[in-house]
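The values are calculated or read from the model by the stated rules, or taken from the named source; none is laboratory data. Bear in mind that the values here come from a model prediction, so they are computed numbers and not experimental data. Here the Cβ positions follow ideal geometry from the backbone for every residue, glycine too, while neighbour counts run over all protein chains shown. Just so you know, the surface numbers come from the protein's heavy atoms only, side chains and all, with ligands and any DNA or RNA stripped out. Shrake-Rupley method; radii C 1.70, N 1.55, O 1.52, S 1.80 Å.
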Amino acid sequence: GGLILFAIFSLVMDVFKIGYYSSFYSCLSAIKIIYPIVQAIFVIVQTYFLWVSAKDCIHVHLNVTRCGLMLTLTTNLAVWMSAVTDESVHKAHSKLKKNMTEEIFRWLLKVGMRSSSVEECNCNSQICQIFKNGYFWLYPFNIEYSLFASAMVYVMWKNVGRFIDHQSHHIQRLKFRLFRRTFFVGIMLGLIILVSGLGVLILYEVQVNSSTESSKKSQALTMYYIFNIVCLSLMSLVCIGGSVIYRFDKRDMDRHKNPTRTLDVALLMGAALGQYAISYYSIVAIVASTPRDSISALNLTYALLMIAQHTFQNVFIIEGLHRQPP
């Protein structure tokens with residue numbers, strides 16, 4: 001369900017990109033228009049494939065299947081990197097254009113881009129601006145789709161050739177019984193945090209990008225950091241609570257060598273290194289900067305909590321991976 005939701009928004013983004021590039025196709029190469037078309041086809045085919053085959057444990061043509069799944073996974077990661085790069089370049093151009101005159105901005109574009117006429121590539125019509133702003137705001141959904149699909153393909157790759165003992169492990173169906181199951185409370189709290197986070201993010205973007213008053217920008221930053229500090233504190237407490245519960249669990253730890261689990265742990269720690277680096281550089285920048293105001297204090301707290309939350313979360317997940325089945 002989550003994959004289909006992100007896939008729909010990714011398809012809408014591709015439609016907006018096709019409309020935007022078609023507005024001045026005479027000045028662009030054909031690959032600019034072909035790429036979103038091919039990407040839309042890839043999203044449709046991959047979503048259908050995952051919807052139909054996500055639960056399969058394949059036992060024929062194992063090497064070919066593993067090769068195909070790994071090729072699909074790397075393709076998703078390449079699309080993810082491309083989307084992140086495009087979004088960063090678009091945001092950098094927007095900031096540059098806002099802080100410089102039109103003549104200097106066009107001169108920089110001529111230096112950095114090909115020597116054809118830049119005026120022909122300008123997006124002057126209203127419909128072109130709608131397409132441009134639309135696909136820019138839909139980039140996060142495409143990024144999440146690529147990561148979501150990569151995770152599902154990785155799980156399928158791990159399940160190739162896997163045998164399941166149906167006699168020892170019985171499939172348990174989850175039944176939604178209001179206020180009788182603790183997972184219902186978790187789902188409701190998660191949805192509240194998700195909706196609140198989207199609301200805070202929208203308010204933050206509107207206040208920072210549209211307002212010219214420094215006081216309103218400071219209020220938006222304060223709201224943003226306080227919300228994230230509260231969320232990170234709750235997540236850290238939950239992860240610590242989960243690790244404490246593991247101590248009272250009577251199940252034994254699985255100490256046997258497991259290449260798949262080792263790879264899971266390595267990927268988990270490798271993915272956390274990026275956030276550790278961002279938090280570290282943020283702390284260095286805050287400590288070295290002057291003057292130090294309330295925003296700097298909130299930013300410092302946010303960076304420290306980000307490191308703590310990722311550490312506690314990784315410990316909780318790694319301990320869970322080493323648990324014997326019930």
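Tabulated values for the structure
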quantity	calculated
Count of the range 241-293 residues which are closer than 22 Å to Pro326 by Cα and open to solvent by less than 70 Å² (accessible area, probe 1.4 Å)	12
Residue within the range 230-252 that is aromatic (Phe, Trp, Tyr) and modelled with pLDDT of 90 or more present	no
Complete set of residues in the range 245-275 that are out of contact with any Ser or Thr (no Cβ under 9 Å at 6 or more places or on another chain) and closer than 22 Å to Leu304 by Cα	Leu268, Met269, Gly270, Ala271, Leu273, Gly274, Gln275
Among residues of the range 50-96, those that are among the acidic types (Asp, Glu) and surrounded by 12 or more Cβ atoms within 10 Å (Cβ to Cβ), counted	2
Selection status of Met235, assigned by the TED database to the domain that holds Gly199, within 30 Å of Ile202 (Cβ to Cβ), open to solvent by less than 60 Å² (accessible area, probe 1.4 Å) and within 19 Å of the chain's Cα centre (by Cα)	no
Selection within the range 135-154 - of a type in the set (Gly, Ala, Ser) and surrounded by 19 or more Cβ atoms within 10 Å (Cβ to Cβ)	Ser146, Ala149
Neighbours by Cβ (under 6 Å, 6+ apart or cross-chain): first from the range 219-248, more than 16 Å from Ser296 (Cβ to Cβ); second among the charged types (D, E, K, R) and modelled with pLDDT under 95	Tyr246/Glu319
Residue match in the range 135-153 (condition: among the charged types (D, E, K, R) and closer than 19 Å to Ile8 by Cα)	yes
Failed item, numbered, when Met13 is tested on (1) open to solvent by 60 Å² or more (accessible area, probe 1.4 Å); (2) under 21 Å from Val84 (Cβ atoms)	(1)
Residue match in the range 136-154 (condition: farther than 30 Å from Tyr48 by Cβ and either modelled with pLDDT of 85 or more or outside the structural domain of Phe16 (by the TED database) (or both))	no
